[in-house]
Each structure stands twice: as structure tokens, then as C-alpha cells.
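A short worksheet on the structure shown next.
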Amino acid sequence: MFKSKKKIIIFIVVFVIVLGLVSFLSVQLLTPKFKTSNFNGVVSKVYNDDLEFNDVCYGNAFSCKNVKPEIIGDYDINNVGVYEVEYVFEYKGHTFKKNGVLNVVDNEKPVITKSDEDIHVCPNNGKILEGNITASDSYDGDISNKLSFNYDRSTNKLFVSVSDSSGNKKDEFYDVVASDQVPPVITINGDSTISIKNGSEYSDLGASAIDNCDGEVEVSVHNPVNAKKNGTYEVIYTAKDSFDNVSEVKRTVKVYSSSTSSGGNSYSCEGKIKYSCGGSGKVIYLTFDDGPSGYTNKLLDVLKQYNVKATFFITGNGSDDVIRREYNEGHTVALHSYTHNYGQIYASMDAYFADLERINDRVERITGHRSNIVRFPGGSSNTVSKKSKCIMTALAHELTNRGYVYYDWNISSGDAGGTTSTDQVYLNVVNRLGNGKYVVLQHDSKGYSVNAVDRIIQYGLSNGYTFEKLESNSMTCHHGTAN
Ligand SMILES: [Zn+2]
């Protein structure tokens with residue numbers, strides 16, 4: 001009896017435990033709830049694609065329904081980036097929320113496209129000469145400018161690769177044709193036809209050459225010009241690239257005697273100009289003729305150091321860059337003469353204005369503006385023009401009629417005459433200074449003259465002068481015409 005009573009108790013205890021276990025398990029297995037298998041709040045998705053999402057479901061052990069989240073936050077599905085968002089899952093009135101991160105990613109490789117025609121490349125460096133290769137990316141668009149090329153001479157293949165902004169890389173290679181039959185292109189400095197007077201000096205302005213494969217290549221010059229012998233000469237420039245393609249350009253140089261060219265036209269001597277130059281007020285106008293030259297940059301450095309503005313009466317010589325610098329640093333870029341060839345420019349009024357137009361074209365090409373400020377070669381009082389009788393008087397009036405203003409000078413530094421010393425140039429200038437306005441004539445083609453400018457400025461500044469550049473309404477400064 002005791003024995004069976006004990007059995008009953010054991011049975012009851014076991015029964016209760018089993019009953020508890022079963023009801024516990026059935027609650028666990030059958031009660032519906034949100035279940036997250038892998039979801040840790042971080043979702044990566046390809047921009048612009050639908051979101052695939054299988055990581056959260058609602059249900060019990062026997063059936064669980066996938067629930068897509070609503071993503072709440074400030075994110076842009078079209079823009080690659082990392083966004084902080086909130087994932088909200090809702091199912092039949094039940095809600096589950098989780099803060100997390102949304103990575104919008106681009107994992108598509110770019111596409112490289114070759115045009116239909118054969119690709120021709122430079123044999124030395126693989127630079128594409130014909131045909132074209134482009135790259136585009138579904139996210140970045142056209143990324144042709146990110147293409148890199150690598151030409152393998154031994155296999156005659158061009159290896160091409162490109163990466164998009166997310167680092168997806170695409171490689172391709174193509175069989176190419178490697179040959180270069182295009183010669184360098186030669187550009188001569190200055191004019192292709194030049195006339196010079198017998199006995200003057202001919203210095204060739206040279207040329208440069210660019211090749212499609214080699215870049216800049218050397219130009220060899222054959223210069224037969226004999227400036228002491230009349231005739232028509234051809235200066236020949238040749239350039240060769242590394243595949244023996246040769247090009248050649250010629251410049252014609254005519255050497256003539258002054259007797260055959262200086263005009264001898266005569267003009268009315270009525271209304272000779274009388275000397276008038278100056279004013280009151282302790283002002284110095286530094287003016288420089290005949291440049292630009294190799295000394296002009298140094299001069300510009302000095303002017304810049306003292307913030308002094310000056311006036312440059314330029315010629316057809318020298319570098320465009322120096323003229324551009326003169327202009328950009330606030331100086332007056334004015335007209336002297338393209339050729340500075342007295343016989344040529346004073347042969348006739350037409351010849352003078354043809355030369356003036358030419359130098360003004362240069363000024364306009366470099367600065368974007370034409371100038372109406374002029375200085376006559378030799379000054380308006382020159383007599384080098386005397387073969388054309390009274391031409392200076394006629395030109396002075398005609399210039400004014402045409403809207404130009406011309407300036408002579410009232411202090412000559414002497415640098416065009418006998419003076420070749422910097423000290424003497426300095427003294428010639430400062431010894432003439434008084435209480436008026438002074439237009440100082442110097443030549444930036446003369447190094448010893450340029451070297452005096454620093455001291456001239458120091459003297460002027462410490463003695464109460466101001467430095468100004470000439471403008472079209474500065475004071476009158478005319479010499480008397482002598483022809
Ligand atoms: Zn001059």
C-alpha cells in the first residue's frame with residue numbers, strides 16, 4: 001500500500017511537470033512574435049534597387065511571415081552613402097522598431113567601350129591617335145577621363161582600365177595598330193616674311209615644333225641671311241620626330257638698300273608743331289622704349305617692389321608674356337613701332353600707319369585692348385625721316401586726327417646716345433629734375449639703363465615726386481617738329 005501510494009505521488013509529480021513543460025513549450029512555439037534571424041540594424045543595398053529583405057518575420061515556430069521594414073530617416077536611395085535610419089516593422093497591428101544604418105552602395109563595374117574603327121597608337125608611348133575608347137558607369141556616368149592606358153609593345157596590345165568612384169574596377173585590352181606617320185608641326189616666331197634694310201642686323205626669332213607623339217621636338221635652323229647683301233633669303237626650319245617624319249617651314253627675309261625703299265614722298269610743312277612739354281606738380285613719368293627685351297622682367301620686378309607704374313612703348317620684338325605681365329601689373333602698354341625701321345616707316349604716311357596698326361594688333365592680341373598712346377621712333381623732332389619731306393609734321397597732325405595721343409620726352413637718360421654707364425644714366429635723369437612734370441626717356445632694351453631705375457625711383461620718392469604712368473589725358477609732351 002505504502003509502495004503504491006508512493007508511486008501515485010511520483011506519477012502526479014511527473015504529470016504536473018510534463019503538463020507544465022507541455023504548456024510552456026506550446027506557449028513558446030505557438031505564440032506569434034517578431035523574430036530577427038540575421039538582422040543587426042545594418043542594411044546594404046545597391047542604390048536605386050528594390051530592397052530585398054528576409055531577416056525579420058512575424059509568427060511562431062511553425063509559420064513565420066517575412067515583414068519588410070519601413071525605413072524612416074533622411075536618406076537618398078540614389079546617392080551612395082551611409083545613412084542613420086530607423087527600421088519599423090509592422091504586422092497586423094504589431095510593431096517592432098530598430099535603430100540602424102543604411103549603406104547605399106554601388107557595386108557595379110564600369111563599362112569600357114571602343115569605337116568601331118581600329119585604334120591607332122603612337123609606337124613609343126601608346127597615345128591614341130585614331131579611334132577612341134570611352135568608359136561609363138551606371139552611377140558616375142561618363143568616366144572616360146579616368147581611363148588609364150598601358151601599351152605593350154611586344155604584344156601590340158593596349159591595356160585599358162578604369163575604376164569608378166566606389167572603386168569598382170574594369171579592365172579590357174585591345175589589339176592596336178602602332179604607327180606614326182604625322183610629322184611635327186612647326187610654328188615660327190614672328191612673321192613669315194620680313195624685310196630688313198641692308199646693313200642692319202638680322203636676328204632670327206626662331207621657331208618651335210610640336211609632334212603628335214613626341215610632344216615638343218627640336219627645330220634646326222638653316223639661316224643663310226646676309227644682311228649686307230641685297231636679296232631674298234629663305235630661312236629654313238626643320239623638325240623630325242622619333243619615327244623620322246620630317247617637316248619644314250620657311251621664312252622669307254628680304255634685304256634691301258635704303259635707297260630703293262625710303263619713300264621720298266613729300267608732305268605739306270604747314271602747321272609745324274611747336275615744343276610743348278611739362279606742367280607743374282613734381283610728377284615723374286618713367287617711359288621705356290624698344291622693348292620688351294631680356295631686361296624687361298627685371299625692370300618689372302623693380303617697379304613692383306616700389307609699386308611704381310610706368311609706360312612701355314613696345315615693338316614687335318620680345319616675348320608676349322612680358323607684355324602681358326606689363327599689362328597685368330598695371331603699366332601702360334603703348335605703341336612705338338613694329339619694325340622700328342626708320343627707312344620703312346617714314347617712307348610714307350601709309351607705311352607709317354601700316355606699321356602702327358601692326359604693333360597695335362600685337363597689343364590687342366595680348367592685352368585685349370587697342371592703345372591710342374604713341375611714341376614716334378626717334379621722337380616727333382627726328383630728322384631721320386627727312387627723305388620724306390615734312391612727314392613728321394604731317395604725321396603729328398594725322399595721328400591726332402585719328403584719335404591718337406603721342407608723347408615725346410623732356411628728360412633724356414642718354415641711354416640711346418653715348419651713355420653706356422648706369423651711373424651716367426642715373427645722373428642724366430636726376431640732375432634734370434625740378435618742380436615740374438617730367439617724361440623720362442629710357443630704353444628697356446638696354447641693361448645698363450634698366451639698372452639705374454632702382455636708384456632713380458629711390459631718389460624720386462625721397463625728394464617728394466610721385467610716379468605716374470602716361471594715359472591718353474596726361475599732359476601734353478610734344479617736341480617741335482623739325483621735318
Ligand atoms: Zn625706339
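The values are calculated or read from the model by the stated rules, or taken from the named source; none is laboratory data. Note that the structure is a prediction, hence the values are computed from the model and not measured. Because the Cβ atoms are built from the backbone with ideal geometry, glycine has one as well, and the counts that use them run over all protein chains shown.
Side notes on the structure shown:
- Test: residue in the stretch 94-115 that is surrounded by 15 or more Cβ atoms within 10 Å (Cβ to Cβ) and of a type in the set (Ser, Thr, Tyr): no
- Odd one out for residue 408, checked against (1) crowded, with 20+ Cβ neighbours inside 10 Å; (2) over 19 Å from residue 444 (Cβ atoms); (3) in contact with a Ser or Thr (Cβ under 8 Å, 6 or more places away or on another chain); (4) not basic (Lys, Arg): (2)
- Residue list for the stretch 54-63, filter: surrounded by 12 or more Cβ atoms within 10 Å (Cβ to Cβ), part of a loop (DSSP other than H, G, I, E, B) and out of contact with any Ser or Thr (no Cβ under 9 Å at 6 or more places or on another chain): 61
- Close pairs (8 angstrom Cβ cut-off, 6 or more residues apart or separate chains): in contact (Cβ under 8 Å) with a residue 60 or more places away in the chain in the stretch 64-82, acidic (Asp, Glu) anywhere: 80/106
- Filter result (hydrophobic (A, V, I, L, M, F, W, C) and either in contact with a His (Cβ under 9 Å, 6 or more places away or on another chain) or not in a strand (DSSP E or B) (or both)) within the stretch 363-382: 363, 366, 374, 376
- Selected residue (criterion: surrounded by the most Cβ atoms within 10 Å (Cβ to Cβ)) from residues of the stretch 427-444 that are closer than 19 Å to residue 478 by Cα and within 16 Å of the ligand (Cβ to nearest atom): 442
- A count restricted to the stretch 351-388 and to residues that are hydrophobic (A, V, I, L, M, F, W, C), within 15 Å of the ligand (Cβ to nearest atom) and in contact with a strand residue (DSSP E or B) (Cβ under 8 Å, 6 or more places away or on another chain) stands at 5.
- Residue under evaluation residue 239, criteria (1) part of a loop (DSSP other than H, G, I, E, B); (2) outside the structural domain of residue 409 (by TED's automatic domain parsing), criterion not met: (1)
- Some residue of the stretch 132-150 being in contact with an Asp or Glu (Cβ under 8 Å, 6 or more places away or on another chain), closer than 30 Å to residue 319 by Cβ and crowded, with 16+ Cβ neighbours inside 10 Å: no
- The residue of the stretch 294-320 that is farthest from the ligand (Cβ to nearest atom), among those that are assigned to a loop (DSSP other than H, G, I, E, B), of a type in the set (S, T, N, Q) and farther than 20 Å from residue 373 by Cβ, is 307.
- Residues of the stretch 162-184 satisfying the condition of being surrounded by fewer than 18 Cβ atoms within 10 Å (Cβ to Cβ), among the hydroxyl-bearing types (Ser, Thr, Tyr) and within 29 Å of the chain's Cα centre (by Cα): 165
- Number of residues in the stretch 28-53 that are outside any loop (DSSP other than H, G, I, E, B) and crowded, with 16+ Cβ neighbours inside 10 Å: the value is 5.
- Considering the stretch 415-473, and only residues there that are in a strand (DSSP E or B) and aliphatic (A, V, I, L, M), the residue that is farthest from residue 278 (Cα to Cα) turns out to be 441.
- Pair list, Cβ < 8 Å and 6+ apart or interchain, from the stretch 303-315 residues that are basic (Lys, Arg) to residues that are more than 12 Å from the ligand (Cβ to nearest atom): 304/329; 309/303; 309/330; 309/331; 309/332; 309/467; 309/468; 309/469
- Single match in 391, 345, 323 (criterion: within 15 Å of the ligand (Cβ to nearest atom), hydrophobic (A, V, I, L, M, F, W, C) and in contact with a Phe, Trp or Tyr (Cβ under 9 Å, 6 or more places away or on another chain)): 345
- Contact map, the stretch 274-290: first residue assigned by TED's automatic domain parsing to the domain that holds residue 405 and part of a strand (DSSP E or B), second residue within 16 Å of the ligand (Cβ to nearest atom) and among the aromatic types (Phe, Trp, Tyr), Cβ cut-off under 6 Å, separation 6 or more or different chains; pairs are 288/312; 289/313.
- Which numbered condition residue 332 misses (of (1) crowded, with 21+ Cβ neighbours inside 10 Å; (2) polar (S, T, N, Q); (3) over 29 Å from the mean Cα position of the chain (by Cα); (4) away from the ligand (no atom under 14 Å from the Cβ)): (3)
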